[in-house]
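Peer 1: Can you read through this structure? Questions will come right after.
Read the figures in this text as sums done on the coordinates, not as results from a lab. Just so it is clear, the model here is predicted, and its values are computed rather than measured. Virtual Cβ from ideal backbone geometry, glycine too; neighbours counted across all protein chains shown.
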Amino acid sequence: SAANRRLRNTGALPGVIYAEGKPAANIQLEEHAFEQMLAHHASESLVIDLQLDSGETKKVLLKEVQHHPLSSRLVHVDFYELALDRKVRVKISLVFQGIPVGVQRDGGTLDIHMRTLEVECLPLDILEQAVVDVSALELGGSVEPKDVLLDASKYRILTHADVSLATVVEPKVVEEATPAA
């Protein structure tokens, strides 16, 4: 909207805080400070303490960041206000660490299929990323959601159990075409 465009021209970024059972609250963020904060985080599942002008602090989950399609400048931000005693669904970024045996010894390739894992947990337990050690993977070996080391008392994995997050695949053999006699 024109009002939002005027806001952005002053360096303010329009946003909305959604909360269960409450009307949505329109807010303005300092665009540069928000961009700096985003740049230091790997995940979009961020829990932020938003300090309002009233002096009140709200614990919110970053739900969506809208970018301009051409300039990729930030256009709008959506937050969801968290109740600290209610579980939320979030995506945790996966960081694959180590060189698989099947790559180092057998010349295979590590194929990464998914870089996030969906979990349910309490807001204060939200992780930005989980490290997955792939160094023991042999050729044909794969990493499944259950292989991600998360405390089962805090995290319920929602990503389907049969999904392969990463696999070590056979080296591709390129056959030379034999010239026709």
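Peer 1: Work out the FRET efficiency for residue 99 and residue 26 from their Cβ-Cβ distance, taking R0 = 45 Å, and round it to the nearest 0.05. Don't skip to the answer; put the middle values down first.
Peer 2: Values: r = 49 Å, r/R0 = 1.09.
After rounding, the FRET efficiency stands at 0.35.
Peer 1: Dipole size in debye (nearest 20) for the chain around its Cα centre, Lys and Arg Cβ +1, Asp and Glu Cβ -1?
Peer 2: On the way: 18 positive and 27 negative charges, 144 e Å.
Dipole about the Cα centre, nearest 20: 700 debye.
Peer 1: If I take every Cα pair under 8 Å that is 6 or more residues apart in the chain, average their sequence separation and divide by the length, what percent do I get for the relative contact order? Spell out each step's value before the answer.
Peer 2: Values: 341 pairs, mean separation 32.3, N = 181.
Relative contact order here is 18 percent.
Peer 1: So, one more: Could you pull out the longest piece of the chain with no exposed loop GluC sites (Glu not before Pro) in it, calling a site exposed if DSSP puts it outside H, G, I, E, B and it has at most 10 other Cβ atoms within 10 Å? Before the final figure, lay out the partial values.
Peer 2: Details: sites that count: 20, 56, 175, 176.
Longest gap between qualifying sites, sites excluded: 57-174.
Peer 1: Give me the Kirkwood hydrodynamic radius of segment 24-71 in Å, from all C-alpha pairs, to one decimal place?
Peer 2: On the way: mean 1/r = 0.0812 Å⁻¹.
By the Kirkwood definition, the hydrodynamic radius is 12.3 Å.
Peer 1: Any chance you could get the radius of gyration and Dmax over the Cα atoms of segment 104-143, in Å?
Peer 2: Spelled out, the Cα radius of gyration and Dmax of segment 104-143 are 14.1, 42 Å.
Peer 1: A further question follows. Return an integer: the convex hull volume of the alpha-carbon atoms of the chain, in Å³ per residue.
Peer 2: On the way: hull volume 35.6 nm³, N = 181.
So the per-residue hull volume is 196 Å³.
Peer 1: Under 13 Å from a point 7 Å along the Cα-to-Cβ line of residue 18: which residues of segment 71-86 have their amide N that close?
Peer 2: So the set is 77-82.
Peer 1: Ok, one more. Rounded, prolate or oblate: which fits segment 70-130 when a ≥ b ≥ c are the square roots of the eigenvalues of the alpha-carbon gyration tensor, with rounded for a/c under 1.5 and prolate only if a/b beats b/c? Mind dumping the intermediate values first?
Peer 2: Numbers: a/c = 4.25, a/b = 1.70, b/c = 2.49.
Oblate is the answer for segment 70-130, as a/c is 1.5 or above yet b/c matches or exceeds a/b.
Peer 1: Let me ask something additional. Within the chain, what is the number of lysine pairs with alpha carbons under 17 Å apart, leaving out pairs fewer than eight places apart on the same chain?
Peer 2: Close lysine pairs found across the chain: 11.
Peer 1: What's the extension gain from residue 144 to residue 41 if we count 0.36 nm per residue and subtract their Cα-Cα distance?
Peer 2: Values: separation 103, 0.36 × 103 = 37.08 nm, distance 2.47 nm.
Roughly 34.6 nm would be gained on extension.
Peer 1: When N is the residue count of segment 51-96, what does its C-alpha Rg come to as a fraction of 2.2 N^0.38 Å? Don't skip to the end; give the middle numbers.
Peer 2: Details: Rg = 14.4 Å, N = 46, 2.2 N^0.38 = 9.4 Å.
Here the Cα radius of gyration is 1.53 times the empirical estimate.
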